[in-house]
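Trainee: Dropping a structure here in structure tokens format, bear with me for questions.
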Amino acid sequence: MVYIFHSDLAGSVVNRALVDPVAELDDVLVRNMYAQYPDYAIGVKAEYELIERADAVVLQFPLYWYSTPSLMKKWF
Ligand SMILES: Cc1cc2nc3c(=O)[nH]c(=O)nc-3n(C[C@H](O)[C@H](O)[C@H](O)COP(=O)(O)O)c2cc1C
């Protein structure tokens, strides 16, 4: 399971170049978290259920001020 936290993935160059090829793999689920939760209203129960099904988790995000995007902080 790949979690991509990018507030403007459509306008991204670097992160899209990394995540787009991965999204085509059969056994990988890529989750665009800003598209999933544009209002930051994270479905906690649904998130627990999804992450429990993952064999491995990848967190992908651009650095924002030496830290992570705000939605990712809330998701943590
Ligand atoms: C508000 C903001 C803060 C950023 N802070 C950092 C930073 O602290 N360190 C860094 O290396 N890049 C920083 N960047 C650059 C982003 O990480 C940059 O968008 C990313 O490397 C390029 O990826 P993208 O083409 O997928 O957007 C910042 C960008 C923005 C918009």
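The values are calculated or read from the model by the stated rules, or taken from the named source; none is laboratory data. Computed from a predicted structure; not experimentally measured. Here Cβ is always computed from backbone atoms with ideal geometry, including for glycine, and neighbour counts include all displayed protein chains. The protein model used for the area step is the full one, side chains on, heavy atoms only, and it has no ligands, DNA or RNA in it. Shrake-Rupley method; radii C 1.70, N 1.55, O 1.52, S 1.80 Å.
Trainee: How much accessible area per residue does the chain have, counting only protein heavy atoms and a probe of 1.4 Å, in square angstrom?
Mentor: Working: 5300 Å² over 76 residues.
That works out to 70 Å² per residue.
Trainee: State, as an integer percentage, the relative contact order of the chain based on alpha-carbon contacts under 8 Å between residues 6 or more apart.
Mentor: On the way: 76 pairs, mean separation 35.2, N = 76.
It rounds to 46 percent for the chain.
Trainee: Given a 1.4 Å probe and every protein chain left where it sits, what share in percent of the accessible area of the chain is carbon and sulfur?
Mentor: Details: 3080 of 5300 Å².
The nonpolar share, carbon plus sulfur, comes to 58 percent.
Trainee: Once the Cβ-Cβ distance between Lys73 and Val22 is put in as r, and R0 is 25 Å, what FRET efficiency do you end up with, to the nearest 0.05? Don't skip to the answer; put the middle values down first.
Mentor: Numbers: r = 23 Å, r/R0 = 0.93.
It comes to 0.60.
Trainee: On to the next question. Kirkwood Rh over alpha-carbon pairs of the chain, then Stokes-Einstein at 37 °C and 0.692 mPa s: what D in µm² s⁻¹, rounded to an integer? Please list the in-between numbers first.
Mentor: Working: Rh = 13.0 Å.
After rounding, the answer is 253 µm²/s.
Trainee: Let me ask something else. I'd like the Karplus ³J(HN,Hα) series for region 60-65: coefficients 6.51, -1.76, 1.60, θ = phi - 60°, whole numbers in Hz, and an x wherever there's a Gly or Pro.
Mentor: 10, 6, x, 6, 10, 6
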